[in-house]
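Reading through the structure tokens given below for one structure.
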Amino acid sequence: MTTTRPTDLGSALTELAGTGARPRAGGTDLTACVAHGVLAPAPVVDLTGIETLRGIDWRDDGSARVGALTSVHEVSADPRLGAAYPALARTAGALATPQIRRTATVGGNLLQRNRCWYLRNPAFDCFQTGGGSCPAREGDHLHGVVVDQGPCVAPHPSTVALALVAYDAVVEVSGDGGAVAERPVAGLYDGTDPSRDHVLDPSEVVTAVSLPAPAPGELAAYLRATGRSRSEWPLVEVTARLVRAEGGAGPVASAAVAVGGVARTPLRLPEVESSLVGAVPGAEPGAGFAAALDGLAARCSPLPATGYKVALLRETVRAGVERALGFARA
Amino acid sequence: MDLEVNGSPAPAPDPDTPGATAADHIRDGLGLTGTKIACGDGVCGACTVLLDGSPTVSCLLPADALPGRSVTTVEGLGGAHPVQRAFAAHDGLQCGYCTPGFVMTAAAFTDAWRAEHGDVRPDRDTIADALAGHLCRCGAYEGIAAAVAAACAGEFDTEPEGEPPRADAHDKVTGRAMFTVDRAPEGCWEGVIVRSTHPHARIRSVDPAGARVDAGTGAGTDSAPVFVDLLGENRVVRYVGQPIAAVAAPTRARARAAAEAVRVDYEPLPAVLTQEEARAPNAPELYPSRNERRAAPSYAEGTATAAPWRGNVRGPFTLRWRAGTALKRLRAAGRSADPRLVAEEYTTAAQLHTALEPHACVADWSREGALTLYMSTQAVSDMADAVAERWDLPRDRVRVVTEYVGGGFGAKATLTTDIVASTELSRLARVPVSVALTRAEELTDAGYRPGTRTRVALLADDRGDLAAMSVDSYGDGGVSYGSMTATLAALMYGRTPRRTRDYDVVTNHPPGAPFRGPGAPPMAFALEQAVDTMAHRLGEDPLSLRRRWDGNTRRRALYDRVAALPLWTDRPRGERTGRFRRGVGLAASNWLFIVSPRSKVELTVEDGVVVVRSATQDIGTGIRTVLRDVVADRLGAPPSSLSVRIGDSTSVHGSGAGGSRTTNSMGPAAAEAADRLRRALREHSPRVPASGPIPELALKEALASAEGLRVVGGRSLGRWERMSSLLSGGGDVAVGRGLIGAVHVMEVEVDTLLGRVRPTRCWAGIAAGRIYSDRLARNQCEGAVVQGVGYALHEERRDDPVTGTVLTDNMEDYRIPGLGDVPETEVYFHEEGFEHVPGGGVGLGEVSTVGVAASVANAVFDATGWRPRDLPIRPDRLIEGLR
């Protein structure tokens, strides 16, 4: 059982190609997965020596390319990134714990395994570990999905993905032989495939995330509904970004609202987004927004124990959007 | 490539240990045991080290990622960092197990904060954000928050004057305190438990798969794994996770492999997993025979009450006081739909103790015919007695050592599996064997506060006085029984006609264990809400109703304080609207006054210093400090002239930590020992006065001439104390006169849209007589609020409905409160009312948590008009309830 630590991407890809080895970034989730028997021990290719995967590059159009090994903390704390992409920075600053945010990486966060307590208990087999059923569906799925996309009922675990999906960000993926492909972040996930949490093979490495040019004066908020105040996986979470007209001074010209904790994949809510066009910062959003929120129930297909998430989804989105708008409800 | 640890080069981890974490390497490879492992999932922060200067959870950091990095552990912080001084001075700790981790993050935060903001106090929310990756099960958050704020303000840049309030604070903030899991004697093997994978099965056979089953020929000559059976004569397992056997091997990895190789042949039996299934006609019986029922485990503290069995139901155990009158009145009120009849049902969930140090024991038979046990126990003397009896050894051939205990809360007072397995395995292996439960084992099979379903009926008469009370409670303690929930209600609200009945319904789930005030928090959750409901029915203020109904004089003194408390008098009134709603709730607590009459304290003069010894143990509650303070106070000598050495069964008998009895048992014994020492010293030196402080020089001179002097003080039964038949406790438990009281006033803010309850402020009034060590007592009462808030809002064991497997077997899914989840708490002590007790004070560990969840629930009702019937008050329940 070996761990190698190559210093260039090419070597890493060679070591990963067809060897059964696993790529590792911060290692926070991988370590837990091996400890809990989610993953059998396997050789590891530690990517943290590859400096080219680290850091934030700025392009001429003002857009950013964030290296996959950039820590979640760095994304949340980088001043320029925070100004250009406030929804990303706020989202990154709200997940896990301060210690984990400093170790965990953007790439690793996107490709982590879900938190289902059946998956992470070695006493159970499920679709994800080679079994043929979902014990959570028949069992205790209090924290499960409310939009039922397929056999597995574990909500998507990546909070960073919400923000990136809200920006229509693109991941760069390097595969066998150094082939580089780009795909939308949303394309990393297939909610109908119960056997895995993302579609990449172990021989593929996410090298960077590309964001579009920033919108001036963007309003943003991230909010998660939890029992405790901090450091808890969300029951429902929302990232809202509102792009304003008139170069950032006017009403909302376009909106992007992504939610997590509700489905196997991060979800965008186009009906809510379109209802926000014309909303005025500081004011209560209009009747169209309220109607769109009420319409969310029609998207939901709750499990026996997740019916509460129908209302919680509506209220979390409402509160998140209002926070982004700067509207404070009494 | 080497790594740097605490400023010096250190060896890199062995590359051939797959799955090893940085925490493993730091502790096992480098011997730096100040870094603790508690959750193993990056949730609790106990393992936090600075990695290249940044706080990092070392349990999720692969060991092979360490080379080339720089690591600072608590040992490397020295002991003089302002944060360490501040934690000691503000008593931001109890058991000390989580402390090194907190200190590392707090130190990094404080340094960064001061660099950016100067010597400014951060607010509580900022500190909670910074420490969001840390959990303290004792709940020392008030002290922690105060310590971090003070360190940031530059108040601890120099060593403060005087001793910290807690005698062992320095050892805990520096990581020097040695817990059982830190013990690794030379040549120690590791043991692993083989556990049932079936909820109910007969065990046909267990194949040790080549592990040795008999004692070898000599120490260390044979490194093959050893195997012991743990089931005994009854070859039936009744829950997933029940111990079947144990194996030990020279390394953890080999022991795990040997455990996996063991083959268990199960004959599955039908299981009952819910209360409803267990009570159904023709349900499979867990204990079909009288012998099996007799052998069933009890979760009662001490002896369980006698009660009949019917199928899977045990009970009732009934208390009656003019019960016929009570029932007649209640039935008549029910028939006439009397609005003064409050009849309600409440349920509570299983609460796991979640001590951050797991159950652990290192057993060593290597001395011929003698047994040394390092164990994480809250009953050193009792365990030495029990071990001597079980393994048929003379008491003086058994030694139990427990220097520091990382929390117990009731679950570490019996011969648990870790002790039995390590002892049996060491006997075969002829080397020391360590058995420490994994977090998953700890949260599955180390006890819990059983769930309950409780029906309360209260009837008020025309004048609004209590006319009748009935309480029925059903305990949900898995394979175990021992409910006292209803019985404890019989001690509340005077002598009105009443009946209480306790039942248990057994199912194929793990057994419960005593947990801080066994039975009382669920009782209060039901009764105190019913009383609150009655107050609303009668249109009366809940405080005023309790002042009329509650005859306990000490609690009445607390009600008088509440009546003048701004938190209560300025509370919001009338219907509240909007998303966030504030409310204030009130609840009363009650607990028995219990004492250990066998308690003794020994004082010896060694090298001119008074050494205080007793086989008691400090689980974070502070008895080490109480002993120091009592002896120092009695002699009028500085605390620094004393050395306290507890946690070793070779000393005189000490009280177990259970039943809120340690301080009121050990304190008077220490006082008597000190008085005896003074009399003995006067024979050596006439300058020692008969009473009052002993002048420093006189003491020094007397001690110099009294080398080797030994006196023992005891805690004989007081006039108002009687031995108890109900509470056995190793023949060391008596019940004293007078009930201990508490009143909690809780303020919450309810987010009615997202379903979150945020406790904001709490006033905890405690009537336990004279306080021995003020700051430590406050800390314990503050922590009791923390645990009560967890019970009210977050904590709940959840099980797979198909197999009974515990799903919340990790600290991500089993949720205990963090600093940001608990109210700012003010503790008030009413110190009168126990003048008849030696020492004037009684215990407060349990009474201080009894009514907390009830006060949260009453506050939620006050804020929203919705009454929580089920614990915990989860977001989904609140959303459902407010719909």
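The values are calculated or read from the model by the stated rules, or taken from the named source; none is laboratory data. None of these values were measured; they are calculated from a predicted model. Every residue, glycine as well, gets a Cβ built from its backbone with ideal geometry; the counts of neighbours run over all protein chains shown. In case anyone asks, the SASA skips ligands and DNA or RNA and just uses the protein heavy atoms, side chains included. Shrake-Rupley method; radii C 1.70, N 1.55, O 1.52, S 1.80 Å.
Things worth noting here:
- The number of residues in the range B:643-671 being surrounded by fewer than 24 Cβ atoms within 10 Å (Cβ to Cβ) and either assigned to a helix (DSSP H, G or I) or modelled with pLDDT under 95 (or both) comes to 1.
- Scan of the range B:275-298 for residues that are within 24 Å of residue B:516 (Cα to Cα) and touching a Pro at 6+ places or on another chain (Cβ under 6 Å), ordered by number: B:297
- Residue B:828 vs. criteria within 24 Å of residue B:91 (Cβ to Cβ), within 14 Å of another protein chain (Cβ to nearest Cβ) and not β-branched (Val, Ile, Thr): no
- Meets criteria (under 27 Å from residue B:540 (Cα atoms), more than 9 Å from chain A (Cβ to nearest Cβ), touching a residue at least 40 places away in the same chain (Cβ under 8 Å) and of a type outside the set (S, T, N, Q)) for residue B:842: no
- Residue B:866 fulfils the conditions (1) part of a loop (DSSP other than H, G, I, E, B); (2) free of Cβ contacts under 8 Å to residues at least 40 places away in the same chain; (3) within 14 Å of chain A (Cβ to nearest Cβ) except for a single criterion, (3).
- The numbered conditions (1) closer than 23 Å to residue B:419 by Cα; (2) in a loop (DSSP other than H, G, I, E, B) are all true for residue B:271 except (1).
- Condition met for residue B:837 (assigned to a loop (DSSP other than H, G, I, E, B), in contact with a Gly (Cβ under 8 Å, 6 or more places away or on another chain), closer than 23 Å to residue B:488 by Cβ and open to solvent by less than 10 Å² (accessible area, probe 1.4 Å)): yes
- Test: residue B:314 is touching a helix residue (DSSP H, G or I) at 6+ places or on another chain (Cβ under 9 Å), open to solvent by 20 Å² or more (accessible area, probe 1.4 Å) and either touching a residue at least 24 places away in the same chain (Cβ under 8 Å) or not small (Gly, Ala, Ser) (or both): yes
- Of all the residues in the range B:356-399, those that are aliphatic (A, V, I, L, M) and more than 14 Å from residue B:423 (Cα to Cα) number 3.
- Leading residue by the ranking (nearest to residue A:210 (Cα to Cα)) among those in the range A:107-120 that are in contact (Cβ under 8 Å) with a residue 24 or more places away in the chain and touching a helix residue (DSSP H, G or I) at 6+ places or on another chain (Cβ under 6 Å): A:110
- All told, residue B:43 falls short of being within 11 Å of chain A (Cβ to nearest Cβ), touching a residue at least 24 places away in the same chain (Cβ under 8 Å) and assigned to a strand (DSSP E or B).
- Filter result for the condition that a residue is open to solvent by less than 60 Å² (accessible area, probe 1.4 Å), hydrophobic (A, V, I, L, M, F, W, C) and over 21 Å from the mean Cα position of the chain (by Cα), over A:42, A:32, A:68, A:64: A:42
- Among the residues of the range B:157-181, the one identified as of a type in the set (Asp, Glu) and either buried (at least 21 other Cβ atoms within 10 Å of the Cβ) or under 30 Å from residue B:234 (Cβ atoms) (or both) is B:168.
Conditions tested, residue by residue: (1) more than 12 Å from chain A (Cβ to nearest Cβ); (2) surrounded by fewer than 23 Cβ atoms within 10 Å (Cβ to Cβ); (3) closer than 28 Å to residue B:354 by Cβ.
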residue: B:20; (1), (2), (3): no, yes, yes
residue: B:26; (1), (2), (3): yes, no, yes
residue: B:50; (1), (2), (3): no, yes, yes
residue: B:62; (1), (2), (3): no, no, yes
residue: B:69; (1), (2), (3): no, yes, no
residue: B:83; (1), (2), (3): yes, no, yes
residue: B:88; (1), (2), (3): yes, no, yes
residue: B:94; (1), (2), (3): yes, no, yes
residue: B:99; (1), (2), (3): yes, no, yes
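- Scanning the range B:429-440 for residues that are in contact (Cβ under 8 Å) with a residue 40 or more places away in the chain, over 30 Å from residue B:137 (Cβ atoms) and in contact with a strand residue (DSSP E or B) (Cβ under 6 Å, 6 or more places away or on another chain) turns up at least one hit.
- The residues of the range A:279-330 that are away from chain B (no Cβ under 13 Å), in a helix (DSSP H, G or I) and within 21 Å of the chain's Cα centre (by Cα), listed by number, are A:296, A:299, A:324.
- Test result for residue B:500, crowded, with 23+ Cβ neighbours inside 10 Å and closer than 21 Å to residue B:199 by Cβ: no
- The residues of the range B:561-590 that are of a type in the set (Val, Ile, Thr) and closer than 16 Å to residue B:752 by Cα, listed by number, are B:577, B:584.
- Residue that is nearest to residue B:17 (Cα to Cα) [pool: residues in the range B:230-289 that are open to solvent by 20 Å² or more (accessible area, probe 1.4 Å) and hydroxyl-bearing (Ser, Thr, Tyr)]: B:251
- Yes/no for residue B:222 being modelled with pLDDT under 95 and touching a helix residue (DSSP H, G or I) at 6+ places or on another chain (Cβ under 9 Å): yes
- Of all residues in the range A:207-257 being in contact (Cβ under 8 Å) with a residue 12 or more places away in the chain and among the β-branched types (Val, Ile, Thr), the one that is farthest from the other protein chains (Cβ to nearest Cβ): A:243
- Only a single criterion out of (1) under 23 Å from residue B:489 (Cα atoms); (2) surrounded by fewer than 16 Cβ atoms within 10 Å (Cβ to Cβ) is not satisfied by residue B:558, namely (2).
- Residue B:441 being modelled with pLDDT of 95 or more, within 23 Å of the chain's Cα centre (by Cα), of a type outside the set (A, V, I, L, M, F, W, C) and farther than 23 Å from residue B:784 by Cα: yes
- Among all positions in the range B:729-741, there is at least one residue which is open to solvent by less than 10 Å² (accessible area, probe 1.4 Å) and modelled with pLDDT of 95 or more.
- Residue match in the range A:177-195 (condition: open to solvent by 10 Å² or more (accessible area, probe 1.4 Å), free of Cβ contacts under 8 Å to residues at least 60 places away in the same chain and among the acidic types (Asp, Glu)): yes
- Flag for residue A:144 being small (Gly, Ala, Ser) and open to solvent by 10 Å² or more (accessible area, probe 1.4 Å): no
- Cβ separations smaller than 7 Å between residues 6+ apart or across chains give the following pairs from the range B:675-700 residues that are over 13 Å from residue B:604 (Cα atoms) and open to solvent by 70 Å² or more (accessible area, probe 1.4 Å) to residues that are hydroxyl-bearing (Ser, Thr, Tyr) and not in a helix (DSSP H, G or I): B:684/B:705.
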